[in-house]
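Student: First, the structure itself, so that you have it in front of you.
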Amino acid sequence: MRDIQEFAGQVMDNVERVIVGQRPVLELMLVALLCEGHVLLEDVPGVGKTMLARSLAASLGCSFKRLQCTPDLLPTDITGVSVFNPHTAEFQFQPGPAFAHVLLADEVNRATPRTQSALLECMGEHQITVDGVTHVLPRPFMVLATQNPIEYEGTFPLPEAQLDRFLMRLHLGYPSAADEQAILYRLRRVHPIQTIEQVVDGDQLPALQERVWEVHVDESIAAYMVRLVHATRAHRDVALGASPRGSITLFKTAQALAAIQGRDYVIPDDIKRLAPVTLPHRLIISPESQLRGHTATQVLADVLSDTPLDIDD
């Protein structure tokens, strides 16, 4: 797994020229990339969500498109549209921004549910169907969606089916005082995003993604993952627990994280680190528990503390 570790290390080192003090988040972003998954970045404005997406795409040498989600955005503004060509007397398909390796859907919860649903097929099947014709998206393909967790006016909360398509939900958070001071000095002249260059070949990703499946997962570790997911379904505060897709996600991301760290086997700490970013957004908390202030994050913390690791316990 040394090749995957070196690949990830080069990308993280390069992105850190732009994004300061977020290496754990960068590592999780690469986990999602190796799993061909998508990420929901939920945080307040100004913490570097857009810069993170741009610098990641630049480091890989991949195409990048930014989609500003607004209430008047149409599904065809994402997928593309067939336009009549008078010279050929035929309709020609004009690809939308979804035909990029990295698509940033900024403030995705400001788009209407109809427009949000246009992302479902491309996120789930890596393809887009327009006018009955299916168009395959490029590989790698990754959707990075952002939303502001504070501002709710004029927004449309993502439905459960849409949230379940995201491999993980991440929070950047505010930088430390030292990191914020480093940011000030880096922005004195030219923004680092203007000078960032490609450091790896993005075409390697499909082969590396297949290598991830070679990481060994012991049966006891797999059983632990399943027990965690089943515990979310039985928790008193949960109306609807994580689906089998949650178990699959936990399994795949654990393999990718182990590979990035240079291991060919998964350890329990991988599961404990990944569960808080892969499972909470798949849970639906009961209305009564919401009124008491209970959250999906708290539920998962309970599940992790109450679920034994040893299958014989």
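The values are calculated or read from the model by the stated rules, or taken from the named source; none is laboratory data. Nothing here was measured: the structure is a model prediction, and the numbers come from that model. Virtual Cβ from ideal backbone geometry, glycine too; neighbours counted across all protein chains shown.
Student: Of all residues being among the polar types (S, T, N, Q) and outside any strand (DSSP E or B) in segment 77-91, which is nearest to the chain's Cα centre (by Cα)? Just the residue, please.
Tutor: By that ranking, first place goes to Thr79.
Student: Among the listed residues Thr278, Thr295, which satisfies the condition of being outside the structural domain of Val25 (by TED's automatic domain parsing) and either closer than 24 Å to Trp213 by Cα or not polar (S, T, N, Q) (or both)?
Tutor: Only one candidate passes the filter, namely Thr278.
Student: Follow-up question, since we're still on this one. Only one of (1) under 24 Å from the mean Cα position of the chain (by Cα); (2) closer than 18 Å to Leu73 by Cα fails for Gln94. Which number is that?
Tutor: All conditions pass for Gln94, except number (1).
Student: Moving to a separate point now. Can you give me the number of residues within segment 138-159 that are crowded, with 20+ Cβ neighbours inside 10 Å and either at pLDDT 90 or above or among the charged types (D, E, K, R) (or both)?
Tutor: 6
Student: Is segment 34-49 home to any residue that is at pLDDT below 90, among the hydrophobic types (A, V, I, L, M, F, W, C) and in a strand (DSSP E or B)?
Tutor: Scanning segment 34-49 turns up no residue that is at pLDDT below 90, among the hydrophobic types (A, V, I, L, M, F, W, C) and in a strand (DSSP E or B).
Student: Moving to a separate point now. Any residue at all in segment 283-299 that's touching a Phe, Trp or Tyr at 6+ places or on another chain (Cβ under 9 Å), under 24 Å from Ala32 (Cα atoms) and surrounded by 14 or more Cβ atoms within 10 Å (Cβ to Cβ)?
Tutor: No, there is no match, as no residue in segment 283-299 is touching a Phe, Trp or Tyr at 6+ places or on another chain (Cβ under 9 Å), under 24 Å from Ala32 (Cα atoms) and surrounded by 14 or more Cβ atoms within 10 Å (Cβ to Cβ).
Every residue, every condition in (1) assigned to a helix (DSSP H, G or I); (2) under 23 Å from the mean Cα position of the chain (by Cα); (3) modelled with pLDDT of 90 or more, yes or no:
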{"position": "Phe166", "(1), (2), (3)": "no, yes, yes"}
{"position": "Arg169", "(1), (2), (3)": "no, yes, yes"}
{"position": "Ala178", "(1), (2), (3)": "yes, no, yes"}
{"position": "Ile183", "(1), (2), (3)": "yes, no, no"}
{"position": "Val190", "(1), (2), (3)": "no, no, no"}
{"position": "Gln198", "(1), (2), (3)": "no, yes, yes"}
{"position": "Gln204", "(1), (2), (3)": "yes, yes, no"}
{"position": "Arg211", "(1), (2), (3)": "yes, yes, yes"}
{"position": "Ile221", "(1), (2), (3)": "yes, no, yes"}
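Student: Same structure, new question: Being assigned to a loop (DSSP other than H, G, I, E, B) and surrounded by 15 or more Cβ atoms within 10 Å (Cβ to Cβ) is the filter here, so list the residues in segment 230-260 that pass it.
Tutor: His235, Asp237, Gly241, Ala242, Ser243
Student: Next up: Go through (1) touching a strand residue (DSSP E or B) at 6+ places or on another chain (Cβ under 8 Å); (2) more than 28 Å from Met12 (Cα to Cα) for Val215 and report which single condition fails.
Tutor: So the condition that Val215 fails would be (2).
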